[in-house]
1. Would you compute, from DSSP H runs of 4+ residues alone, the mean residue ellipticity of the chain at 222 nm, taking -39500 (n - 2.57) per run and dividing by the full residue count, rounded to the nearest 500?
2. Compute the length gained on full extension between R67 and D165: take 0.36 nm times their separation in residues and subtract their Cα-Cα distance, giving the result in nm to one decimal.
3. If packing is taken as the average number of other Cβ atoms within 10 Å across a peptide's residues, how do 37-43, 132-138 rank, most packed first?
4. Alpha carbon centre of segment 134-165 versus segment 112-128: separation in Å?
5. Determine, from the Cβ-Cβ distance of Y149 and D5 and an R0 of 25 Å, the FRET efficiency 1/(1 + (r/R0)^6), rounded to the nearest 0.05.
6. Equivalent-ellipsoid semi-axes (√(5λ), Cα gyration tensor) for the chain, whole Å, largest first?
Amino acid sequence: MDRDDLIRRVRQYADRKGLALGERLGAGIHGTVFAAEYQTNGGRSAVKGHERQPAYLRERDVYLRLRAFDITVIRGCHVPTLLDYDDDLWVIEMTVVSRPFVLDFAGANLDQEPDFSDEVLADWRAEKQDQFGPRWPEVQAILGSLEGYGVFLLDVNPGNVSFDD
């Protein structure tokens, strides 16, 4: 999938919903997120177009799970709320959140713990300890809370789990 196609699909979604796309809020290996504003009432949202369908389906399903449990905050961190989605365009629309936050579930597993070797898991933990420093225990608590809902977040980095400071 190329970036032009992703942008085309996001624009098509925005046109269908009466949204004016704004600045790019973020981009990663799974997709690109844009600010959006409803042309009718000025309401704001974030629209994420996905590069590939499997990542879209994972993220959609995680957001549906979180919405079913009415999860908007996990251990003091805001979680975007799913507003709408389009299975044909691979686009998710969600609320905009500010720090502290937990977001980006395209790389998450739902109801299935990742099957990593002990060595890979130890390396992953060491990398995350380096990335988060003294905040790593807080991140681990957030991950544990998510796991209680069957969400196993794999793409854990300071861009996706962010605090006030």
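1. -11500 deg cm²/dmol
2. 32.5 nm
3. Numbers: 37-43: 11.0, 132-138: 13.0.
Final packing ranking: 132-138, 37-43.
4. After rounding, the separation between the Cα centres reads 14 Å.
5. Details: r = 32 Å, r/R0 = 1.29.
Using R0 = 25 Å, I get an efficiency of 0.20.
6. On the way: eigenvalues 156, 59, 43 Å².
Semi-axes from the Cα gyration tensor: 28, 17, 15 Å.
Values in this text are rule-based calculations from the coordinates and carry no lab data. Computed from a prediction, not measured in an experiment: that's the story for all the values here. Quick reminder, even Gly has a Cβ in these numbers, built from the backbone with ideal geometry, and neighbours come from all protein chains shown.
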